[in-house]
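Quick notes on the structure that follows.
Readers should treat all values here as calculations from the given coordinates under stated rules, not as data from a laboratory. Because the structure is predicted, anything quoted here is derived from the model rather than measured. Ideal geometry is used to build each Cβ from the backbone, glycine not excepted, and the neighbour counts take in all protein chains shown.
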Amino acid sequence: MKADKAVRPARNLLALLLMAFACLPANAAATQSAQLHVEFTPERLGHGTTVQFMVQIHAPGGRVPSPLTSLELRYPGDLGIAASGLGLSTCTPSKLELLGPKGCPADSRMGRGSALTEIPIGPEIVQERASIAIVRAPEQEGHLALLFYADSENPVETQIVFPGVLLSNPLNSDESILLKVPLVPSLPGAPDVAVVTLSADLGPQGLTYFERTNGHLVAYRPQGILLPSRCPRSGFAFSATFAFLDGSKTSARSAVPCPARPRH
């Protein structure tokens, strides 16, 4: 009897803990995972290209992921981003916030993209899409810098600007783009907006620059990110590290296969 009385409080405590765990918010028990996909358009070694990135973020059980706070995308250092002819001019954050991408020089644009976000509101999950413009920013401590302008209208009208910077890795020849993603409030009483899909095209596809020749403005397309003349045996390797508001991190990898050799 004494042993049975001693077991009952333990069982009651366990039941209370299980009930408390069940009442936690959905994101508190979630562990995010991510996928990364990269493509080159066109795929021609030794030529300029547009690099297309897409990341997808998942939480188990169909939950909404924790809001993304940073993303670091690593890529082979021999991709010629610095020599791409992209971002000949710069745009400041204040001008971008005030006037949007149209207020920036045409040759400051370096690409474009889109994002899909989710907001948990009670039992429902509301989705929101945003278009993204990528422009060159003034250098930060000697590093090439970018600005991302996200614009969404429904269900919450939002325009946000967040920075990115190109960094080199002292341990190898890789480089990376580090994005700091700000928290975006949603509806009153609802959690912050959570990114579930983010895609970006960095390159000349869809871009038009202008140069003055003999007193006239002439439109042209910039060269784009220069692919090396040789491809690594395992293809071009990319990886990404994600950090979230709940303190968790995850990573993903992708590789672009070597382009097929043209037939003569």
>> Give me, ordered by chain and number, the residues 5 or more places off Arg112 or on other chains with an amide H under 5 Å from its own placed amide H.
In response: Ile134, Asp201, Gly203
> Can you sort Met110, Met54 by how many other beta carbons sit within 10 Å, fewest first?
Replying inline: Met54, Met110
> To the nearest 10 degrees, how steeply does helix 2-22 sit against the main Cα axis of the chain, on a 0 to 90 scale?
Replying inline: 30
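For Glu157, what is the net charge nearby, where nearby means another residue's Cβ is under 14 Å from its Cβ and Lys, Arg count +1, Asp, Glu -1?
Spelling it out: positives minus negatives among the neighbours equals -2.
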>> Ignoring everything except DSSP H segments at least 4 long, calculate the 222 nm mean residue ellipticity for the chain; use -39,500 (n - 2.57) per segment, divide by total residues, nearest 500.
In response: -3500 deg cm²/dmol
>> Percent of Cα-Cα pairs more than 20 Å apart in the range 65-190, please.
In response: 49
> How large is Rg/Rh for the chain, to two decimals, with Cα atoms and a Kirkwood Rh?
Replying inline: 1.11
> Peptides 115-122, 237-244, 57-64: what's the order by average Cβ count within 10 Å, highest mean first?
Replying inline: 237-244, 115-122, 57-64
>> Taking R0 as 22 Å, what FRET efficiency do you get between Phe210 and Ala82 from their Cβ-Cβ distance, rounded to the nearest 0.05?
In response: 0.55
> Using the Karplus equation 6.51 cos²θ - 1.76 cosθ + 1.60 (θ = phi - 60°), what ³J(HN,Hα) coupling, rounded to whole Hz, does each residue of the range 40-51 give in order, writing x for Gly and Pro?
Replying inline: 10, 9, x, 9, 9, 4, x, 10, x, 8, 9, 8
> Asp246 to Ser229: extension gain in nm, 0.36 nm per residue of separation minus the Cα-Cα distance?
Replying inline: 1.8 nm
